[in-house]
Amino acid sequence: MADLDPRDVPFSLMRWGRPVPVGEGAAFAADDKDDAETRRETLLRALLGGREFVDSRGRLWHQDPDTRHATRQAAADADSALSASLALFQARERPVCPVREQLFSQAFDEVIREEAVVSPERSLLLLRVRDQYRLSLAAYGAVAMGGVEFGQATRGRVAADAAAAAD
């Protein structure tokens, strides 16, 4: 396998499998995988997709979600990593903070990944919950923007009416 500097792998709270250079994936496919593991990999790929990134040398790499079972220690480590990341990236508690939203999204994706390894049905339910949350958040954002636009338009009309009355 070509060498990859660990600093080139993008940060994520979700556990990912081993990076594979794009175009060389078939060369690194393991032949000793059983049918259950292959199904689990396929399910995780379908639920969470993979990710691609470019290293410092300009090479393209691909990673699939990790298929290993999570332990209690891994869950505790994920919680610690979330807390440390919130502090490191200076995520604000209020108002809405995109950094905080991204970190919690990664943490929830890790929960979905962990459940997919154990119970695919439960992971599908969690995926629906995540998607519904994202839709609701987008709808609330659109309503809030509509309110801001209405307030700006009203303020503009009031200012124009006041200027016309002053003349």
### Message
Condition first: in contact (Cβ under 8 Å) with a residue 12 or more places away in the chain and under 17 Å from Ala107 (Cβ atoms). Can you find one or more residues in the stretch 52-64 that meet it?
### Response
no
### Message
Residue under question is Val96, and the condition is that it be at pLDDT 90 or above, open to solvent by 60 Å² or more (accessible area, probe 1.4 Å) and of a type in the set (A, V, I, L, M); does it hold?
### Response
no
### Filtered residue count, the stretch 99-124, keeping only those that are of a type in the set (Asp, Glu) and either in contact with a Gly (Cβ under 9 Å, 6 or more places away or on another chain) or surrounded by 15 or more Cβ atoms within 10 Å (Cβ to Cβ) (or both)
4
### Task
Find all pairs meeting these conditions: Cβ atoms under 8 angstrom apart; at least six residues apart or on different chains; first residue within the stretch 134-161 and hydroxyl-bearing (Ser, Thr, Tyr); second residue open to solvent by 60 Å² or more (accessible area, probe 1.4 Å) and outside any helix (DSSP H, G or I).
none
### Task
Can you tell me which residue within the stretch 33-62, out of those that are in a strand (DSSP E or B) and of a type outside the set (Asp, Glu), is surrounded by the most Cβ atoms within 10 Å (Cβ to Cβ)?
Trp61
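The values are calculated or read from the model by the stated rules, or taken from the named source; none is laboratory data. Just so it is clear, the structure is predicted and the values come from calculations on it, not from any experiment. So basically every Cβ, Gly included, is an ideal-geometry build from the backbone, and we count neighbours across all protein chains shown. We work out accessible area using only protein heavy atoms, side chains counted, and drop any ligands, DNA or RNA first. Shrake-Rupley method; radii C 1.70, N 1.55, O 1.52, S 1.80 Å.
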